[in-house]
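Undergrad: Right, I'll just put the structure down here and ask away after.
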Amino acid sequence: MIETINLNRKFGSFTAVDNLNLKIDKAEIFGFLGANGAGKTTTLRMLCGLLTPTSGTITVNGLNVVKNPEAVKRSLGYMSQKFSLYGDLRGIENLQFYTGIYGISWTAAKTNIKSLISQFDLDKYLKLKTSELPMGYKQRLSLVCALVHNPPLVFLDEPTSGVDPKARREFWQVINELAYRGKTVIVSTHFMDEAEYCNRVLIMQAGREEVCGNPLQLKQSHRVATMQQLFLKIAGADNAQS
Amino acid sequence: MTSLKVLASFVLKEFRQLARSPEMLAVLFLLPAIQLLVMGFAVTNEVKNVDISFFDYDKSHLSKSLIESFSSTDRFRIVPVSEAEHPEELLFKWKSKVVVVIPAGFERDCHGFAKPVLQVISDGIDGNSAALANAYVQGCILRFSQVMLQSRDPGLMKKDQGLDLIVRMSFNNDLKSNLNIIPGIIAVLVTVSSMVLSAISLAKEKELGTLEQLLVSPMHKYQLVAGKLLPYLIITLLQMQVAVLLAGIIFRISLAGSYPVLMLFSLIYLFTTLGLGIFISTRVNSQQQAMFFSWFMMVVMILLSGFFVPVQNMPKVIRGICFFNPLTHYMTVIREIVVKGSNLAQLRKELLILLSGGFIVFGFSLLSFRKRVK
Ligand SMILES: Nc1ncnc2c1ncn2[C@@H]1O[C@H](COP(=O)(O)OP(=O)(O)O)[C@@H](O)[C@H]1O
Ligand SMILES: [Mg+2]
């Protein structure tokens, strides 16, 4: 589904992403783990065609993202790290807007997101101004907005930051279902416990890949009990965040 | 069809956001009205204590009483002058706003030898108050001559004789008046609403992070730009109707030329200002920066447009710069249409300039707009 070869991104002389080689399969939940500034967002942005790599290639579904970023965008949903819905619009108006700019009908969008809305218990919040929603519901609405066009590929940049533990569990439940329905989910997080929900994780530090693999296997091979311990072992205590 | 729907949903969203932002609505509709009223009335307001000097080469009884007649009103403050000074110099050094020259033989001429002549020179830098001051001076002189007519001295000023006034503006030969300033204000308004607001609006999306969500969508960059600019195009044209209407109702300025021609020119001009708006927004990171740069740009554009000082009175180098200022040409056009009633054929040079300006600026801005983050 997604493949990168020697992916690099520099900002001036600073290397934010350093020689990343990835292979992500269909219907996989792939997690980028790392402390703030590790390069997760930069990587995700490049995979989406939002940011041009300094060097290296990215192919998504056989398409070169660097050469034709616009072609890839139709098949992906993206939820950026920063909350980015229109606060002065109602929930429903945000949904209608994103449906509109993806060029699909509201009827089609409604079938795409109906189950999600009821699962997220969003119905009664859709009439409210988005800025007035509690944080957890803002995040849920953001996710629904990213899924109006039913994309096969979903990018979620720290979707659970600032969300309470219960809402986080619910969020991951939905992510699981998305993958179950055949969507590829690429998610970044700095919560190490969330790594357990991923099929595979890539631990990043200073733009480089530290380890990559299935969480269970990684824990076994490094002889640790939790991902948190693995991260501490790799990154050193001062970089860790919980 | 689909692409039209994409555009429509974008425009709908923009209008929804505008409708919910009281500050934006105030900027859009209250500010222009206030601007027009304040600036318009500042123009028509009374002028008091205008510094006036007299060069009395006649030194007669009559010339003294003429000067005296000016001191009886608080409109003027008489600045004494010495023989050595020169009228133009007085104006240049801002010692005086208006200079009246009474030639030798003035009294004699008034007794029927010849047509009496008075010369009035005023500082035209501030065209509006100069126009008023001028009007007051002329009024004063007229009243003086009427008083003379009614006086008992039978030899003074026969009825048909009249008085010749040579009125001259220094620094500003084609005097601007209300009729010129109001169309100018409208031109400025159009510039502000389109350029400043479109720049801020796009920068706002950047600042809030919503732009990223738009950039990652498959919507074409032309749709994005069109969706962002179309509302401001519509609003600016609407504002213009309001301004033209207000100018008519409050200042009794009616459009001498054709309304559709005015709209056509405004539409063409808006491509330049909206283009500048996107250009600014692509190069800033926050609304504040967008505000700063667009206001700065606007001030420069206004100063170099002939709004305050006519372009032909500027130094040659500055005139050259003014030529590349689209507002210069739009201001000319709007004044020509409102005041003189010029038609499209008469304005074809400006049409060509504004069309190519819009094409270049808008085209360049569009090309330099990237659907990428930095
Ligand atoms: N546009 C940019 N210009 C300069 N430096 C940047 C830019 N974006 C990110 N960086 C830098 O790149 C590094 C990685 O950032 P990011 O990918 O946002 O990390 P993460 O998402 O893992 O917290 C950080 O040190 C950040 O300061
Ligand atoms: Mg990040």
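Read-outs: derived from the displayed coordinates by stated rules, not from any lab. Keep in mind that this is a model prediction, so the values were computed, not measured. Note that each Cβ is placed from the backbone with ideal geometry, even for glycine, and that neighbours are counted across all protein chains shown.
Undergrad: If you plug each phi of segment A:85-97 into the Karplus form 6.51 cos²θ - 1.76 cosθ + 1.60 with θ = phi - 60°, what whole-Hz ³J(HN,Hα) values come out, in order, with x for Gly and Pro?
TA: 9, 7, x, 8, 9, 6, x, 5, 5, 4, 4, 5, 5
Undergrad: With no solvent and one point on each alpha carbon, what is the Debye value of log10 I(q)/I(0) for segment A:134-175 at q = 0.32 Å⁻¹?
TA: Result of the Debye calculation: -1.28.
Undergrad: A follow-up question, please. Partner chain Cβ atoms within 10 Å, averaged over the residues of A:94-101 - can you pull that number for me? Kindly include the intermediate steps, with their values, before the conclusion.
TA: On the way: counts 3, 0, 4, 10, 5, 2, 12, 14.
The shielding value for this peptide is 6.
Undergrad: To the nearest 20 debye, what is the magnitude of the charge dipole of segment A:84-241 about its Cα centre, counting +1 on the Cβ of each Lys and Arg and -1 on the Cβ of each Asp and Glu?
TA: Charge dipole of segment A:84-241: 360 debye, to the nearest 20.
Undergrad: Further question on the same structure: Compute from the Cα atoms of segment A:96-217 the Rg and the Dmax, the latter being the longest Cα-Cα distance, and quote both in angstrom.
TA: Computed over the Cα atoms of segment A:96-217, radius of gyration and Dmax are 15.5, 46 Å.
Undergrad: Then there's this: Please report the antiparallel percentage of the DSSP beta bridges confined to chain A, to the nearest 5. Present the calculation step by step, with values, prior to reporting the outcome.
TA: On the way: 20 of 38 bridges.
In chain A, DSSP labels about 55 percent of beta bridges as antiparallel.
Undergrad: What are the ³J(HN,Hα) values, in whole Hz, obtained from phi via the Karplus relation 6.51 cos²θ - 1.76 cosθ + 1.60 with θ = phi - 60°, for each residue of segment B:346-355 in sequence order, with x given for Gly and Pro?
TA: 6, 9, 5, 5, 5, 4, 5, 5, 5, 4
Undergrad: Separate question: What number of lysine-lysine pairs in segment B:50-160 show an alpha-carbon separation below 28 angstrom, given a sequence spacing of 8 or more or placement on distinct chains?
TA: 15
Undergrad: Based on the Cα gyration tensor of segment A:79-150, what are the three equivalent ellipsoid semi-axes, each the root of five times an eigenvalue, rounded to whole Å and given largest first? Walk me through the numbers on the way to the answer.
TA: Details: eigenvalues 60, 35, 25 Å².
Taking √(5λ) for each Cα gyration eigenvalue gives 17, 13, 11 Å.
Undergrad: Mind checking segment B:71-124 for trypsin sites (Lys or Arg not before Pro) that DSSP puts in a loop (not H, G, I, E or B) and that have at most 13 other Cβ atoms within 10 Å? Please list the in-between numbers first.
TA: Details: sites: B:Arg75, B:Arg77, B:Lys93, B:Lys95, B:Lys97, B:Arg108; in loops: B:Arg75, B:Lys93, B:Lys95, B:Lys97.
Within segment B:71-124, the qualifying trypsin sites (Lys or Arg not before Pro) (loop, at most 13 other Cβ atoms within 10 Å) are B:Lys93.
Undergrad: Shifting gears a bit: Quick one: what do you get for segment B:190-258 if you divide its Cα Rg by 2.2 N^0.38 Å?
TA: 1.52
Undergrad: Taking θ = phi - 60°, what integer Hz values does the Karplus form 6.51 cos²θ - 1.76 cosθ + 1.60 yield along segment A:150-155, in sequence order, with x for Gly and Pro?
TA: Calculated HN-Hα couplings, in order: 6, x, x, 10, 10, 10 Hz.
Undergrad: List the residues, sorted by chain then number, that are 5 or more residues from B:Ile78 or on another chain and whose placed amide H is less than 5 Å from its amide H.
TA: It is B:Ile52, by chain and number.
Undergrad: How much mean residue ellipticity at 222 nm does chain A get from its helices, if each DSSP H run of length 4 or more adds -39500 (n - 2.57) and you divide by all residues, to the nearest 500 deg cm²/dmol?
TA: Per the formula, -10500 deg cm²/dmol.
Undergrad: Going by amide H atoms built from the backbone, whose H comes under 5 Å of the H on A:Thr54, apart from near neighbours?
TA: Here the answer is A:Asn8, A:Arg9, A:Lys10, since their amide H atoms fall under 5 Å of that of A:Thr54.
Undergrad: Could I ask something else about it? Taking H placed 1.01 Å from N in the peptide plane, check which residues at least 5 places from B:Gly341 or on another chain put their amide H under 5 Å from its amide H.
TA: Excluding prolines and chain starts, which carry no amide H, the hits are B:Ala256, B:Gly257.
Undergrad: For the protein assembly as shown, what proportion of DSSP beta bridges, expressed in % and rounded to the nearest 5, is antiparallel?
TA: Of all bridge pairs located within the protein assembly as shown, approximately 40 percent are antiparallel.
Undergrad: Given a cut-off of 25 Å, name the pairs among A:Lys82/A:Lys127; B:Lys204/B:Lys374; A:Lys40/A:Lys82; A:Lys10/B:Lys206; A:Lys26/B:Lys206 whose C-alpha atoms lie farther apart than that in the structure shown.
TA: Too far apart for the 25 Å limit: A:Lys26/B:Lys206.
Undergrad: Tell me the angle of helix A:106-119 to the major Cα principal axis of chain A, expressed in degrees between 0 and 90 and rounded to the nearest ten.
TA: 70
Undergrad: Note the angle between two axes, namely the Cα long axis of helix A:165-180 and the longest principal axis of the Cα atoms of chain A, as a number of degrees from 0 to 90, rounded to the nearest 10.
TA: Once rounded, one gets 90 degrees.
Undergrad: Now a separate question. Given 4 °C and 1.567 mPa s, compute D for the protein assembly as shown with the Stokes-Einstein relation, Rh being the Kirkwood radius over Cα pairs; round to the nearest whole µm²/s. Don't skip to the end; give the middle numbers.
TA: Values: Rh = 29.4 Å.
My calculation gives 44 µm²/s for D.
Undergrad: By how many degrees, between 0 and 90 and to the nearest 10, does the Cα long axis of helix B:31-44 differ from the longest principal axis of chain B?
TA: The helix B:31-44 is inclined about 10 degrees to chain B.
Undergrad: Toward the positive end of the charge dipole of chain B, about the Cα centre and with charges on Cβ (Lys, Arg +1; Asp, Glu -1), which of B:Phe292, B:Leu303, B:Met331 goes farthest?
TA: Value computed over the given set: B:Phe292.
Undergrad: Related question: Dipole magnitude of segment A:79-150 about its Cα centre, charges +1 at Lys/Arg Cβ and -1 at Asp/Glu Cβ only, in debye to the nearest 20? Please report the intermediate quantities before stating the final value.
TA: Details: 9 positive and 5 negative charges, 10 e Å.
The dipole magnitude comes to about 40 debye.
Undergrad: Sticking with this structure for a sec: Among B:Ser60, B:Gln241, B:Leu366, whose Cα lies farthest out toward the positive end of the dipole of chain B, if unit charges sit on the beta carbon of Lys, Arg (+1) and Asp, Glu (-1)?
TA: B:Leu366
Undergrad: May I pose another question? Compute the normalised compactness of chain B: alpha-carbon radius of gyration over 2.2 N^0.38 Å, N being the residue count.
TA: For chain B, the normalised Cα radius of gyration is 1.28.
Undergrad: Which value does Rg/Rh take for segment B:50-160 over its C-alpha atoms, Rh per Kirkwood?
TA: Using only Cα positions, Rg/Rh for segment B:50-160 is 0.97.
Undergrad: As a test of the formula, what do you get for chain B when each DSSP H run with n ≥ 4 contributes -39,500 (n - 2.57) and the sum is divided by the residue count, at 222 nm and rounded to the nearest 500 deg cm²/dmol? Kindly include the intermediate steps, with their values, before the conclusion.
TA: Details: 15 runs with 220 residues, N = 374.
Helices in chain B give a 222 nm mean residue ellipticity of -19000 deg cm²/dmol.
Undergrad: Name the residue farthest towards the positive end of the dipole of segment A:1-59 from the options A:Phe11, A:Phe30, A:Pro53, assuming +1 on Cβ of Lys and Arg, -1 on Cβ of Asp and Glu, about the Cα centre.
TA: Of the options given, the answer is A:Phe11.
Undergrad: I would also like to ask the following. How many percent of all Cα-Cα pairs in chain A sit more than 23 Å apart?
TA: The answer is 49 percent, as a whole percent.
Undergrad: So if I place +1 on the C-beta of Lys and Arg and -1 on the C-beta of Asp and Glu, and nothing else carries charge, what would the dipole magnitude of chain B be about its Cα centre? I want it in debye, nearest 20.
TA: Here the size comes out at about 1520 debye.
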